[in-house]
Amino acid sequence: MTDWRHAKRSQLKIIIPVLITCGMIYLSWVYSYFICWNEIYKHHSKSTGIGLIIGNILFILLIYGIWFQILIIGPGKQPKVPLFRILQNVDETGYNCIEPPEYFMCSKDGFPIWCSECQSIKIDRSHHSSDLGYCIPKMDHFCTFLGAVIGKENYHLFIQLCWWWLCYFIFIGISMACFTKQYKDRKGSVNANIIIVYVAVIGWILMIFALFSSHIYYIYGNKTSIDDMRRKRNRRTNTLYDEYVSLKHNDKRYILRINPDNDNI
């Protein structure tokens, strides 16, 4: 079952971005040909028509340039962290150990969180990605639309992409709305392709605005999508999700129980 789900997800990583790209090509063609060329260039202003077509092209190049950077840079990779020297004489086991930091996230027994796949200690807020096969520092989510894992290294690019994509659809929607009435008066009706683009633009504006707003909220609250989903699940099931921190004080270590929802760690 796991292999089947992984294969299906791998297919979606390719299919959905390809479908989105095809949709962007279609939207750009309808906007440039029916609105910018047939309406604005031929019946209103040649310079305005050419300028809007160039603006459309520049927006698309910017969006796909950022998308390409998200894929190339990647979410980041947590380096392997050796075992912490918590117990006495642990070096006699033959493992290479390092001194633990002053505090770290741990289990209720005081041992650091271990990733069996990476054979490494997991640093705080890192998660193992089954798509990439290693732990991602400050992993946020897997974006099906982009076919990419979003983490510490490419999160700022993801925010930029959401912003410029939102601006692009607003640009398309407003410029189309300014000339659609004249197009209808001249033709007697609105072309079905223009109506489809209107529906797509409104839908994308609503969806991207909701996505962009939620991530601005996450940034303000110093949370990730994974943190938010976990907290919503805990509220829905009315359960408390406690975590533990190992804290060094003088020559001793203490295990502190915390609740992320209440302590806002």
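The values are calculated or read from the model by the stated rules, or taken from the named source; none is laboratory data. Computed from a predicted model, the values in this text were never measured in an experiment. Ideal geometry is used to build each Cβ from the backbone, glycine not excepted, and the neighbour counts take in all protein chains shown.
Restricting the range 145-180 to residues that are under 20 Å from L62 (Cα atoms) and among the hydroxyl-bearing types (S, T, Y), the residue that is modelled with the lowest pLDDT is S175.
Just one of the listed residues (S126, S107) is surrounded by fewer than 18 Cβ atoms within 10 Å (Cβ to Cβ) and under 30 Å from Y254 (Cα atoms), namely S107.
Those strands (runs of 3 or more DSSP E) of the range 116-196 in which 1 or more residues are touching a Lys or Arg at 6+ places or on another chain (Cβ under 8 Å) and more than 25 Å from I20 (Cα to Cα) occupy 127-129, 134-136. Taking the range 26-55 as the range and being exposed (fewer than 15 other Cβ atoms within 10 Å of the Cβ) and among the β-branched types (V, I, T) as the test, the residues that pass are I50, I54. Among all positions in the range 219-227, there is no residue which is farther than 30 Å from Y103 by Cα and within 18 Å of the chain's Cα centre (by Cα).
From the list D185, D251, the one residue that fits, being assigned by TED's automatic domain parsing to the domain that holds S32, surrounded by fewer than 11 Cβ atoms within 10 Å (Cβ to Cβ) and either under 26 Å from the mean Cα position of the chain (by Cα) or not hydrophobic (A, V, I, L, M, F, W, C) (or both), is D185. Here S246 fulfils each of the conditions (1) over 17 Å from the mean Cα position of the chain (by Cα); (2) closer than 30 Å to F158 by Cα; (3) of a type in the set (S, T, N, Q); (4) modelled with pLDDT of 85 or more apart from (2). Taken residue by residue, the range 209-219 has no member that is hydrophobic (A, V, I, L, M, F, W, C), free of Cβ contacts under 8 Å to residues at least 24 places away in the same chain and surrounded by 14 or more Cβ atoms within 10 Å (Cβ to Cβ). If you check I150, I172 for being more than 30 Å from R253 (Cα to Cα), in contact with a strand residue (DSSP E or B) (Cβ under 6 Å, 6 or more places away or on another chain) and buried (at least 16 other Cβ atoms within 10 Å of the Cβ), only one passes: I150. Any idea which of (1) surrounded by 18 or more Cβ atoms within 10 Å (Cβ to Cβ); (2) of a type outside the set (A, V, I, L, M, F, W, C); (3) in contact with a helix residue (DSSP H, G or I) (Cβ under 9 Å, 6 or more places away or on another chain) is the one D131 doesn't satisfy? (1) is the only condition that D131 fails.
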